[in-house]
Amino acid sequence: MTLFHRVLAWLVLAVLGALLAQVLLQDPGYVLVRFRGMDYTTTVAAGIGLLLAAALALALLWMLLRLPFRAWARHRERQGRARLLEGLLAYERGEHARAERLLGQAADAGDLEPVTRALAVRAALANGDDASGERHLAGLAQRHPAVRAVLSAERALQAGDPATALAALDAPEAQPLPPRGLLLRGDALAALRRGWEAYGLLGALRQQQAADATTLEALQARWAEAGLQQATDANALADRWDALPPALHTMPAVVAAYARRAAAMGWHDAASGRLEDALDAGWDRTLVALYGSLPLAQLEHRRARLEQWLQARPSDPAALLAVAHVAQQQGHWLQADAWLHRAIAQGAGAAAWEALGDGALQLGDEARARQAYANALRSQRGEPVVDLAGRDLRQSIADNAAIEERDAHGLPRLRE
């Protein structure tokens with residue numbers, strides 16, 4: 001109530017009081033009270049005064065009677081807050097058993113039960129006391145079911161049981177879920193290989209501001225990737241890809257997930273097309289490696305695209321390794337061998353050594369294959385590799401000359 005309203009109320013009461021006083025002065029009235037054979041007479045003004053005095057006396061008496069209870073309640077509240085502060089300090093210091101005891105007492109005595117009991121659950125679980133954790137969770141079931149669902153889901157996810165976490169979050173009494181519950185539900189769905197359902201929660205997460213923009217973008221990419229990987233048929237894969245925002249169509253992890261799933265379903269043109277679009281939009285070595293290693297059709301087309309990209313990046317190890325993989329898929333093992341040596345020289349690492357071993361086996365050189373595989377292991381461990389036997393400077397020059405030969409259009413090509 002504003003100051004104006006208060007002044008107005010007092011003015012109205014003053015006017016009413018003045019009117020009543022004027023009436024009573026003109027005619028004080030007569031009041032007769034008969035009680036147990038006794039008659040009591042007085043004026044109306046005196047009767048009203050007696051009633052007001054009696055009401056005031058009763059109010060004072062009621063206040064005096066409540067005073068001990070209010071004092072006890074304030075004492076309990078102070079104790080609860082003191083235990084809460086001590087419990088929080090003990091929790092931060094890692095004294096989980098003491099923190100669980102103090103926070104449990106604060107939950108029983110104070111008015112901050114959801115917070116204190118939730119912290120008591122976490123302290124009990126951190127101390128390995130599952131029985132106390134369950135007891136505190138049960139204390140939240142009636143008055144704060146959503147908080148209980150969130151804590152139960154956190155516990156289940158930490159234990160690697162996403163099905164139990166999802167069941168706790170989907171309980172009717174826990175609805176509507178708080179933002180933290182929606183985040184946990186998305187994690188549980190993703191862990192249960194239901195990534196596209198998790199992706200569908202992003203709108204609600206943004207609306208409730210469940211996380212910062214960077215975290216939500218990371219979740220969007222991760223759940224989109226999982227949703228594409230888990231598509232059960234080509235139509236579902238196409239629908240999910242079309243439903244993604246344009247920014248995700250060039251994100252390497254998302255494009256790679258689509259390409260792998262499309263290749264597994266026999267959609268070779270779609271897989272290679274999405275990879276090419278993403279690489280044209282922004283160079284990424286993981287995508288170019290995937291472009292070369294996936295068992296896709298149109299080998300000549302892919303080789304031509306890789307050679308075009310190599311014109312702009314002649315020393316890129318991922319592109320060199322990719323064109324070597326395509327040459328191997330074409331059965332051009334000697335050509336692939338030359339590309340692989342150049343890729344290794346540019347730091348392609350274990351993957352190039354392993355491919356070199358595969359090529360040596362196809363050419364019937366088992367000793368050289370064993371050497372290449374051993375170098376792949378050394379490269380993975382960060383150990384120095386051993387030069388392959390039978391390769392000298394002259395052969396390296398010949399390999400490079402074979403790679404650098406160009407066709408009539410000026411593109412690099414390998415001699416057959």
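What follows draws every value from the coordinates through simple rules; no lab data is involved. In this text, all values refer to a predicted model and were calculated from it rather than measured experimentally. Methodologically, a virtual Cβ is constructed for each residue, glycine included, from the backbone with ideal geometry; neighbour enumeration extends over all protein chains shown.
Calculated FRET efficiency, Gln311 and Leu216, Cβ-Cβ r, R0 35 Å, to nearest 0.05?
The calculated FRET efficiency here is 0.35.
Just want the ordering: Val326, Val33, from fewest to most Cβ atoms lying within 10 Å of their own Cβ.
On the way: Val326 26, Val33 11.
With the fewest neighbours first, Val326, Val33 line up as Val33, Val326.
Cut-off is 10 Å between beta-carbons; in what order do Met251, Met63, Met265 appear when sorted fewest neighbours first?
Met63, Met265, Met251
Quick one: dipole size for the range 233-297, taken about the Cα centre, charges +1 on Lys/Arg Cβ and -1 on Asp/Glu Cβ, in debye to the nearest 20.
Dipole of the range 233-297, to the nearest 20 debye: 240 debye.
I need the phi-derived Karplus couplings for the range 170-179: 6.51 cos²θ - 1.76 cosθ + 1.60, θ = phi - 60°, integer Hz, Gly and Pro marked x.
With the stated coefficients, the range 170-179 comes to 8, 4, x, 5, 8, 8, x, 6, x, x Hz.
Between Ala55 and Ala131, what length in nm is gained on full extension when 0.36 nm per residue of separation is reduced by their alpha carbon distance?
Net length gain for the segment: 22.0 nm.
If the only charges are +1 at each Lys and Arg Cβ and -1 at each Asp and Glu Cβ, what is the size of the charge dipole of the range 155-285 around the Cα centre, to the nearest 20 debye? Write out the running numbers ahead of the final one.
Details: 12 positive and 16 negative charges, 71 e Å.
It works out to roughly 340 debye.
Which FRET efficiency, nearest 0.05, do Gln380 and Glu276 yield, Cβ-Cβ r, R0 35 Å?
Efficiency for this residue pair is about 0.70.
Once a ≥ b ≥ c are taken as the square roots of the eigenvalues of the Cα gyration tensor of the range 233-297, is the result rounded (a/c under 1.5), prolate (a/b larger than b/c) or oblate (a/b not larger than b/c)?
oblate
Taking the beta-carbon count within 10 Å as an exposure proxy, list Trp267, Trp10 from fewest neighbours to most. Could you put the intermediate results ahead of the total?
Working: Trp267 19, Trp10 10.
By the 10 Å Cβ count, ascending: Trp10, Trp267.
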